[in-house]
Each structure stands twice: as structure tokens, then as C-alpha cells.
Amino acid sequence: MITITQLQYIVAVEKHGNFRQAAKACHVTQPTLSMQIQKLEEDLGVIIFDRSHQPITATPIGQKILDQSRAALSQTERIQVIIDEAKDEVAGDLRLGVIPTLAPYLLPLFLEVFAKRHPKARLLVEETKTDDIIVALRKNQLDVGLLATPLDETGITEHPLFDEPFYVYAHKDTDLAQLDEASDKDLKDEPILLLAEGHCLREQIVRVCRWRGASPRGFEFESGSIETLCHLVERGHGYTIIPHLAKTWGMSRAGKVVPFSAPHPSREVSLVVHHSFARDGMLQALVAAIKDSLPTELKKAEKGSSRTIAFR
């Protein structure tokens, strides 16, 4: 007979790629985990994992078993959700994936608020890229993603939170820094600093520049850090474009933040879940904590304003 524990073990091995890390994540010894998986394979009469590869990979039939196992575990977790919602409680763990261009600026605003409001709930936060969040949601390795939308992904439901404006960030002694607003002609042919490939904010910035009539020629930095770009700008290396939450982070900006002339470019920030996600109470509690923690100017921003152009 297949047990829930065995399903948890094989899903953990798939996630971590080896038995040792999977056992650690499941809080059991490696021999215990290996024995249970071997017993499952013997009972089913199939090999779930190809142990000759490192990291360990699933066999073709094993992958089908893993897909069904994740679905079964998700439905099992639903039982506790039903109980919690019947008690009108927000409780249990919630695995949250956040993109790097939001994590350092937005997480400190709402984490404490959420924790105080819901002491029986625990957020398990992972900072990772958009594509990785989507894959993890489909594999039930994350419950919720916090990222820029729309994604237009089948099976993914989006819950928009707010629109976040973009700004030019320039060295204080440059011509750009002397402007009250940056127009199309101000960005033409200026060297721009960009994030590395794979960051959604990089693509949004490139679209902003092209829409503004600029030629986005610049450098790439594998760190993927907005702060790295800002520090380079402060040393006189071109300019960059930053989102609203980053413009006053730490209150230590040595450069100049310049708003765009209307219509103002922005990005939509949302919580996203897989369509099978059923913890509505937990999700709404997280939505409320984030919205209540936003700076006043973002709370007041009207979505869909004619003076705002959203870039995703």
C-alpha cells in the first residue's frame, strides 16, 4: 500500500536531486528514506529514479508517478485547509517565491505585519527568478509567487496588488540629474546599465527605453542586483532605471532619482498561484498585509490611469 510519507519522500528526492539532501529536508535519516523509496518501487514493480545520474533523475514512468504524487499531496493538504477555514484560522506554512527585484524592497514592509496578524501562520520565503517560480508552482514546490505580471501562463491565476512606477537614476553631476522630468529625447544615445539576461525587470527596462525612443546600449551584470547598478551609476557609469520601491531604499541614494514625463511607465506587481491552490483565506490574508504595508503613494496610485503605461 502506498503511503503519504512515501510520496513525500520521492517528491523531496526530485526537488533536491539526491537522497542525502532529501532526507535532511524530510527530517529523517538517509537509510530510512532510501528504504521507503525502495519498498515503494518494489510494491509498484517499477524504478522511479535513475540512480546512475547525479543529480538523480526520474525515469519516464517515475516522472508520471511524481506528477501524480504532487497532485495527491496537494489534495491531502487541502484537508487541513478545510479544517483551518472552518475554524476561521489563518494557519500553517505558506511557501512564497519572490523575484530578486522585489524581495529586498517589499519583503521588509509586510513580513512583520503578516506575522503579527497571523501568529499561527509561517511564511517560507525563497528569492528566485520568474521562470523558476512558475515551474515550482506547477510542481507544488511553492504555493504563491510575488512577481511582475501578466504572465499569460496556462493554469496560473494572478491577483494584482499594485502598479509600480519606474524612474531614471543618474549620477548627480550629469545632465539627466538636472531635469525635473525625463522625456524621450533625454534618454537617446545615453549608456544604460542593465540587469543580466533572465531578469524580467531587464526586459521591462529595455521596453521602456525603446518606447521612449532611446537606444538601450549598455552593460550586463550577472549579480542581478539593482543595488549594484545604482552603485555603478553613482561612480559615473551611465544611468539605469529603477522601480519605485527601490528609489528610497535605505534612504542612502547618492545619485538623483528623476521621474519620467507623462505617461509614466510602470510594472504591475501581483501574487500568483497555481489553479489548484485552495487556501483562499491564507492568500487573502497575504494580499491584505502587502497592500496595507505599501507606501502611501503606491496605495493611492490608480490602476489603468491614462497617464500610466504598464510594461511587463
Select from segment 160-199 the residues that are at pLDDT below 80 and farther than 15 Å from K256 by Cβ and list them in ascending order.
D184, K185, K188, D189, P191, A196, E197, G198, H199
Of these, G213, G224, which one is modelled with pLDDT under 70, in the same structural domain as F110 (by TED's automatic domain parsing) and either surrounded by 16 or more Cβ atoms within 10 Å (Cβ to Cβ) or not in a loop (DSSP other than H, G, I, E, B) (or both)?
G224
Which of the helices (runs of 4 or more DSSP H) found entirely inside segment 99-206 contain at least 2 residues meeting this: closer than 23 Å to I290 by Cβ and under 16 Å from the mean Cα position of the chain (by Cα)?
103-117, 130-138
Might you let me know whether segment 84-100 holds any residue that is in the same structural domain as N140 (by TED's automatic domain parsing), of a type in the set (V, I, T) and under 22 Å from R138 (Cα atoms)?
yes
Listed residues L147, L111; which is among the hydrophobic types (A, V, I, L, M, F, W, C), crowded, with 19+ Cβ neighbours inside 10 Å and assigned by TED's automatic domain parsing to the domain that holds A288?
L147
Taking the conditions exactly as written (over 19 Å from V144 (Cα atoms) and surrounded by 15 or more Cβ atoms within 10 Å (Cβ to Cβ)), does V98 satisfy them or not?
no
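Considering only residues that are assigned to a loop (DSSP other than H, G, I, E, B) and without any contact (Cβ under 8 Å) to a residue 12 or more places away in the chain, look in segment 34-59 and name the one that is farthest from A12 (Cα to Cα). Spell out how you get there, then give the answer.
Within segment 34-59, the subset assigned to a loop (DSSP other than H, G, I, E, B) is 45-48, 51-56, 59.
Next, from what is left, pick out any that are without any contact (Cβ under 8 Å) to a residue 12 or more places away in the chain: 45, 51-53.
Values: G45: 21, R51: 15, S52: 18, H53: 16 Å.
Filtering segment 34-59 for residues that are assigned to a loop (DSSP other than H, G, I, E, B) and without any contact (Cβ under 8 Å) to a residue 12 or more places away in the chain, the one farthest from A12 (Cα to Cα) comes out as G45.
The values are calculated or read from the model by the stated rules, or taken from the named source; none is laboratory data. Just so you know, these numbers come straight off a predicted model, no measurement behind them. Positions of Cβ are generated from backbone atoms using ideal geometry, with glycine treated the same way; all protein chains shown enter the neighbour counts.
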